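Chemist: Mind having a look at this structure? Questions to follow.
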Amino acid sequence: SGINAEYGGWLEVVFSCDGKEYITPKQLEKDILDELYVCGGRVAMTDLAQTLNVDYSHVEKKVNELLSHDTKLSIHYGELISKQFFDNLAIEMNETLQETGILPLAQLSREVSLPVSTLAKELCPRVGDLINGTYDKKTDTMFTTAFVDRQAAKLRGACSAATRPVHLGKIMEVHGITASLGHGCVKDMIASGRLQGQLQGHSTNPVFIPNLYTSAQNQWADSFYKTKWIHNL
């Protein structure tokens, strides 16, 4: 819409919903960014239109223009969200993570009402910077290095004490080890030589077979066949 300015022709304006007031597109942009700031960096598009008292289509158009040149803004499920919001969320999340050692994104999703996919997309790039930990893609879970090390130490101790084949799931259940970490930790320890044994069976609940057990079985087999061969002489 436009009005005939006193000097210089037509001026583009945006009318309020009741038609009694108007603002320029530049002012609308400023009002949107101000409202976003006031709301802590996250505001629903419908709330913006209602608060600013302009038609939703004008807000949508102006937000799309903002998104085209401002990389610090993004739209997620009808909400305009700033980079600062996700930075602050990452800082808060890191504080919780350092206390608990583990934080599933599903839990955070329920707390902040954002999908896990959105949280993964926005928070993963902040791991190693604002978030001091590691991210497991398979389970969408954040861990601290200290937590992973403690879990690995428990696993190593339990597996090293095993004298016969045992399901990894049972070891994790008995010792309170996070399931998503177990398989990978044991594989890494076997590969590095810190754990003497091998994993066999289905990847969801493999069996750990200690080298001591394998050696004992081989010795028994050798002894059995040697004895059998002597008896057959």
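Chemist: Determine the shape class of segment 158-213: with a ≥ b ≥ c the square roots of the Cα gyration tensor eigenvalues, call it rounded for a/c under 1.5, and otherwise prolate if a/b is greater than b/c, oblate otherwise.
Modeler: rounded
Chemist: Suppose a student asked you for the relative contact order of segment 82-201, using Cα pairs under 8 Å spaced at least 6 residues apart; what percent would you report?
Modeler: About 21 percent, as a whole number.
Chemist: Another one. Can you tally the net charge around Leu36? Count Lys and Arg as +1, Asp and Glu as -1, for every other residue whose Cβ sits under 13 Å from the Cβ of Leu36.
Modeler: Charge balance in the 13 Å sphere: -2.
Chemist: Right, next: Working from the pairwise distances between different alpha carbons, so that the mean of 1/r is found and then inverted, what is segment 67-169's Kirkwood radius in Å?
Modeler: Hydrodynamic radius (Kirkwood, Cα only) of segment 67-169 equals 15.5 Å.
Chemist: In debye, nearest 20: dipole of segment 47-118 around its Cα centre with unit charges on the Cβ of K, R (+) and D, E (-)?
Modeler: Dipole about the Cα centre, nearest 20: 180 debye.
Chemist: Can you give me the relative contact order of segment 114-184 as a percent, contacts being Cα pairs under 8 Å and 6 or more apart?
Modeler: Worked out over segment 114-184, it gives 21 percent.
Chemist: In addition: How much solvent-accessible surface does Thr51 expose, in Å² to the nearest 10, with a 1.4 Å probe and all protein chains in place?
Modeler: About 80 Å², rounded to the nearest 10.
Chemist: For segment 15-97, what is the convex hull volume of the alpha-carbon atoms per residue, in Å³?
Modeler: Each residue corresponds to 86 Å³ of Cα convex hull volume.
Chemist: Let me ask you something else. Per residue of segment 193-202, in order, report the coupling 6.51 cos²θ - 1.76 cosθ + 1.60 (Karplus, θ = phi - 60°) as ³J(HN,Hα) in whole Hz, putting x for Gly and Pro.
Modeler: Per residue, the Karplus-derived 3J(HN,Hα) values read x, 6, 9, 9, x, 8, 9, 9, x, 5 Hz.
Chemist: Still on this structure: Each residue of segment 69-81 in order: what ³J(HN,Hα) in whole Hz does its phi give by Karplus 6.51 cos²θ - 1.76 cosθ + 1.60, θ = phi - 60°, with x for Gly and Pro?
Modeler: 3J(HN,Hα) across segment 69-81, in whole Hz: 10, 10, 6, 8, 10, 8, 10, 9, 6, x, 10, 8, 10.
Chemist: Students often get this wrong, so check it: of Lys30/Lys72; Lys83/Lys138; Lys61/Lys121; Lys137/Lys170; Lys26/Lys83; Lys138/Lys170, which have C-alpha atoms separated by over 18 Å?
Modeler: Lys83/Lys138; Lys61/Lys121; Lys137/Lys170; Lys26/Lys83; Lys138/Lys170
Chemist: Taking the Cβ of Ser180 as the center, what net charge do the other residues with Cβ under 11 Å away carry, scoring Lys and Arg +1 and Asp and Glu -1?
Modeler: Once positives and negatives cancel, what remains is 0.
The values are calculated or read from the model by the stated rules, or taken from the named source; none is laboratory data. What you see is a predicted model, and the numbers here were worked out from it, not measured in a lab. Cβ atoms come from the backbone with ideal geometry, glycine included; neighbour counts cover every protein chain shown. Keep in mind that these areas ignore ligands, DNA and RNA; they rest on the heavy atoms of the full protein, side chains included. Shrake-Rupley method; radii C 1.70, N 1.55, O 1.52, S 1.80 Å.
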